[in-house]
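Take a look at the structure set out below.
Rule-based calculations on the coordinates, nothing more; no lab input. Owing to the predicted nature of the structure, the values given are computational and were not obtained by experimental measurement. All Cβ positions, even for glycine, are placed from backbone atoms using ideal geometry, and neighbour counts span all protein chains on display.
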Ligand SMILES: NC(=O)C1=CN([C@@H]2O[C@H](COP(=O)(O)OP(=O)(O)OC[C@H]3O[C@@H](n4cnc5c(N)ncnc54)[C@H](O)[C@@H]3O)[C@@H](O)[C@H]2O)C=CC1
Ligand SMILES: O=C([O-])CC(=O)C(=O)O
């Protein structure tokens, strides 16, 4: 049985908020051991389900309330539904601690959370998540970027139920050819598809912001992966990047997302850091 949170008094205590697709993978990895990090606590909606899962996996870890996270952890990985971002971030940031935010769409309209981090010496970390190339985008942003354009193609079930589709009565069921369901800014896309394109919200924060970053979203029955293409024009370089993400059990979430979190966590304490 892996003992979480007791291995090393010097280690950074990491909590997981939301034990879904991303949270379970990250919790498992932390319990197996990541250097300098310990799994300190988990907060979840369904305690009985979480307890049963932890027992099955052989992980010992306390289940705690959202408000109690700062007592247990130095860093919380937020991998919960977007609507509780504030409840996770506010206590941690007020306590001067770190939050790794996956629900990047929900962060865009909340610059006050960044102000809160600044005021109390806390930190919000947005990992590359399901995307690619934030090293190059943030390097280019140190110079001048003239445009960042993204095109996302997802299998229709990876977009189904998004608020924008429901409000505009756009059906993606039974499509036989690709349908462009949205074209606009990252800011508008994040509000319209809050659980589907966190990637463009994060990209905009790495680059030129949510109003100048643009995205087209396609529901495409011909693809089986969540496909993202990015084109950046800058005074230092022009580059295109693309990634085809294998969906996890949650069709909206690519498998690479949890691995990106693990890589970002590992980097926090590693004696060798590679990449910007
Ligand atoms: N930044 C990125 O690249 C990506 C971000 N995401 C976002 O990351 C977040 C997590 O994604 P997944 O793990 O795939 O979602 P998921 O739906 O599999 O898991 C979310 C978990 O949060 C739990 N939960 C619900 N209410 C809660 C509460 N009040 N307190 C604690 N836990 C609660 C749910 O029971 C569920 O287990 C979502 O907001 C998603 O949109 C997903 C993929 C990529
Ligand atoms: O950004 C998201 O929420 C998820 C996504 O596109 C992916 O996993 O490829």
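Simple spin-label estimate for residue 115 and residue 225 gives 4.2 nm between the two label positions (7 Å along the Cα-to-Cβ direction from each Cα).
Per the Debye formula on identical point scatterers at the alpha carbon atoms of the chain, with no solvent, log10 I(q)/I(0) at q = 0.12 Å⁻¹ is -0.75. The Kirkwood radius of region 21-136, taken over pairs of alpha-carbon atoms, gives through the Stokes-Einstein law at 20 °C and 1.002 mPa s a diffusion coefficient of 143 µm² s⁻¹. Applying 0.36 nm per residue to the separation of residue 48 and residue 176 and subtracting their alpha-carbon distance, the gain on full extension is 41.9 nm. Can you tell which of 186, 237, 41 shows the greatest fluctuation in a Gaussian network model of the chain with Cα springs below 10 Å? Greatest mean-square fluctuation among the candidates belongs to 237. Which angle between 0 and 90 degrees, to the nearest 10, do you get for helix 256-269 versus the longest principal axis of the chain when only C-alpha atoms count? Helix 256-269 sits at roughly 50 degrees to that axis. Axis angle, to the nearest 10 degrees, between helix 85-94 and the longest C-alpha principal axis of the chain: 50 degrees. When the inverse distances between all different Cα atoms of region 134-245 are averaged and flipped, the Kirkwood radius reads 14.2 angstrom. Give the angle, between 0 and 90 degrees and rounded to the nearest 10, that separates the Cα long axis of helix 111-120 from the longest principal axis of the Cα atoms of the chain. That works out to roughly 30 degrees. Here region 176-205 and region 210-245 have alpha carbon centers that stand 10 Å from each other.
Across region 134-245, the mean sequence separation of Cα contacts (distance under 8 Å, 6 or more residues apart), normalised by length, yields a relative contact order of 42 percent. Dividing the mean sequence gap of close Cα pairs (under 8 Å, 6+ apart) by how many residues the chain holds gives a relative contact order of 19 percent.
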